[in-house]
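The values are calculated or read from the model by the stated rules, or taken from the named source; none is laboratory data. From a predicted model like this one, the values you see are computed outputs, not experimental measurements. Positions of Cβ are backbone-derived with ideal geometry, glycine not excepted, and every protein chain shown enters the neighbour counts.
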Ligand code: HEM
């Protein structure tokens, strides 16, 4: 059987983690070009890793062979958030998904809509009051944080502002521990980032447990009543759901949407997206295709197998790279162009070939919530504003980790849209009020 193109190098010396994490898109582009193939191997996190950059390969990894390529229980996510669904496998994962998914579908999801609308209104209503440009990434991150803490923990900035700020700071400190060295060193007057993160985690867990025991209405009580495998599973998952990564990912998407539709050259795109809900949803798909917030996901081969016809050894890793999968020219013609029309033409009905929220049986359980949020927040921007980059020329070069966004925070100037629609249609493009 054919050997994967590329080399997995020797232990430590051959490791390419630094090169990959510095610039994952160039890392993949160079190797795709060199090997003439969208699946190749290299050493990542000191493990032989297959990099999957094609739509077909991603489907094979995440769908057809999902029982062979498994989550890694030693992943850094376990380290930081404890035992959660993210790194579980087999029956345990299926049962957790069955329980937790009920929180993010149907009735539960519908009950979130009012709160999402009010959070958008609170955060986005005065964008054109000042003539100054706005730094959009932190603005949208704040909106994402309000959404996450309000929906999952019942903590809202207008009701308990101090608690809201405290949790925001703690979850940021906890998150920073993810990317700092896992060395728990504490000395008088000094503590490592990781140690600070562990302290933040303890404080967060205390707040979370109090919330779960308070029997307040909403998500906390639904979660508390779910059949879960052990007594800490509810608090452990709540810690995961209020992770600072989620507001960052939401902000990444809103930032990319705003940039993709900014300026005089996009007047017609904004006008059409306002008037035509189908076109609007194609714009959102195209934003997620070109700028997936998260770089991808990793699996471990539980037995010898194949990917794209190449041999993959038991115990090795496989990583799908969303950015590269979404620009696979075999599926997406003119892959680097922003073309919402493709979703009503050649790629109609193919949104299941995207992997910005994962794919297959282990896709994101927050996918529908994410979709609702995007529709309301981007719809709100469209119905109320027109916008340009301010200043007009800015360096919009993207970085891809921890979430995708321009390296230099982009500045945008908003102005009230002409012929603003009534407040009854707030946040949702016309003709999409059903
Ligand atoms: C823009 C927002 C979001 C993005 C970009 C995102 C992205 C992803 C991706 C790419 C995966 C798959 C990882 C893999 O294949 O290894 C995933 C899984 C997951 N996501 Fe999200 N997510 C978002 C929002 C959320 C929200 C709001 C929640 C819930 C509070 C959530 C909960 C989860 C969980 C629990 C999993 C693991 C599912 C499993 O392993 O079975 N995500 N997400």
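To keep it simple, each residue is scored yes or no on (1) under 24 Å from residue 120 (Cβ atoms); (2) within 16 Å of the chain's Cα centre (by Cα); (3) modelled with pLDDT of 95 or more; (4) within 16 Å of the ligand (Cβ to nearest atom).
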site	(1), (2), (3), (4)
351	yes, no, yes, yes
386	yes, no, yes, no
398	no, yes, yes, yes
401	no, yes, no, yes
419	yes, no, no, no
424	yes, no, no, no
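Quick check on this structure: which one of 128, 120 is closer than 30 Å to residue 392 by Cα, at pLDDT below 95 and in contact with a helix residue (DSSP H, G or I) (Cβ under 9 Å, 6 or more places away or on another chain)?
Result: 128 is the single residue among 128, 120 that is closer than 30 Å to residue 392 by Cα, at pLDDT below 95 and in contact with a helix residue (DSSP H, G or I) (Cβ under 9 Å, 6 or more places away or on another chain).
Six or more apart or on different chains, Cβ under 9 Å: which pairs go from a residue in the stretch 13-34 that's closer than 17 Å to residue 335 by Cβ to one that's part of a loop (DSSP other than H, G, I, E, B) and at pLDDT below 95? Could you list them?
Between residues of the stretch 13-34 that are closer than 17 Å to residue 335 by Cβ and residues that are part of a loop (DSSP other than H, G, I, E, B) and at pLDDT below 95, the close pairs are 24/401.
Across the stretch 18-49, what is the number of residues that are assigned to a strand (DSSP E or B) and more than 22 Å from the chain's Cα centre (by Cα)?
8
Answer yes or no as to whether residue 124 is within 30 Å of residue 387 (Cα to Cα), more than 15 Å from the ligand (Cβ to nearest atom), in contact (Cβ under 8 Å) with a residue 60 or more places away in the chain and surrounded by 19 or more Cβ atoms within 10 Å (Cβ to Cβ).
yes
Please go through the stretch 155-164 and pick out each residue that is under 19 Å from residue 250 (Cα atoms) and surrounded by fewer than 21 Cβ atoms within 10 Å (Cβ to Cβ).
Within the stretch 155-164, 156, 157, 164 meet the criteria.
Checking the conditions here, which among 243, 221 is within 30 Å of residue 100 (Cβ to Cβ), modelled with pLDDT under 95 and away from the ligand (no atom under 16 Å from the Cβ)?
Exactly one of 243, 221 is within 30 Å of residue 100 (Cβ to Cβ), modelled with pLDDT under 95 and away from the ligand (no atom under 16 Å from the Cβ), namely 221.
Report yes if some residue within the stretch 197-215 is at pLDDT below 95, closer than 30 Å to residue 384 by Cα and in a loop (DSSP other than H, G, I, E, B); otherwise report no.
Within the stretch 197-215, not a single residue is at pLDDT below 95, closer than 30 Å to residue 384 by Cα and in a loop (DSSP other than H, G, I, E, B).
Report whether or not residue 231 is more than 25 Å from the chain's Cα centre (by Cα) and within 24 Å of residue 78 (Cα to Cα).
Taking the combined requirement at face value, the residue satisfies it.
Are there any pairs with C-beta distances below 7 angstrom linking a residue in the stretch 408-419 that is more than 15 Å from residue 390 (Cβ to Cβ) to a residue that is surrounded by fewer than 11 Cβ atoms within 10 Å (Cβ to Cβ) and modelled with pLDDT of 95 or more, with the two at least 6 apart or on different chains, and if so which?
Short answer, once both residue conditions are applied: none.
If you go through the stretch 317-325 one residue at a time, do you hit one that is touching a residue at least 40 places away in the same chain (Cβ under 8 Å) and away from the ligand (no atom under 16 Å from the Cβ)?
no
Within the stretch 160-196, count every residue that is outside any helix (DSSP H, G or I) and modelled with pLDDT of 95 or more.
Result for the stretch 160-196: 1.
Consider only pairs whose beta carbons are under 8 Å apart and that are at least six residues apart or on different chains; among these, list those whose first residue lies in the stretch 348-359 and is more than 16 Å from residue 324 (Cα to Cα) and whose second residue is modelled with pLDDT of 95 or more and part of a helix (DSSP H, G or I).
These pairs meet every condition: 350/343.
Within the stretch 94-107, identify whether any single residue is touching a strand residue (DSSP E or B) at 6+ places or on another chain (Cβ under 9 Å), within 14 Å of the ligand (Cβ to nearest atom) and either touching a residue at least 24 places away in the same chain (Cβ under 8 Å) or part of a helix (DSSP H, G or I) (or both), and answer yes or no.
Within the stretch 94-107, none of the residues are touching a strand residue (DSSP E or B) at 6+ places or on another chain (Cβ under 9 Å), within 14 Å of the ligand (Cβ to nearest atom) and either touching a residue at least 24 places away in the same chain (Cβ under 8 Å) or part of a helix (DSSP H, G or I) (or both).
Rundown of residues vs (1) within 17 Å of residue 240 (Cβ to Cβ); (2) modelled with pLDDT under 90; (3) touching a strand residue (DSSP E or B) at 6+ places or on another chain (Cβ under 9 Å); (4) surrounded by 14 or more Cβ atoms within 10 Å (Cβ to Cβ), yes/no style:
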residue: 49; (1), (2), (3), (4): no, no, yes, yes
residue: 72; (1), (2), (3), (4): yes, no, yes, yes
residue: 75; (1), (2), (3), (4): yes, yes, yes, yes
residue: 86; (1), (2), (3), (4): yes, no, no, yes
residue: 132; (1), (2), (3), (4): no, no, yes, no
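Give the number of residues within the stretch 139-160 that are in contact with a helix residue (DSSP H, G or I) (Cβ under 8 Å, 6 or more places away or on another chain) and either more than 16 Å from the ligand (Cβ to nearest atom) or over 11 Å from residue 116 (Cα atoms) (or both).
Count: 13.
Only one residue in 12, 45, 62, 98 is at pLDDT below 95 and within 16 Å of residue 361 (Cα to Cα), so which one is that?
98
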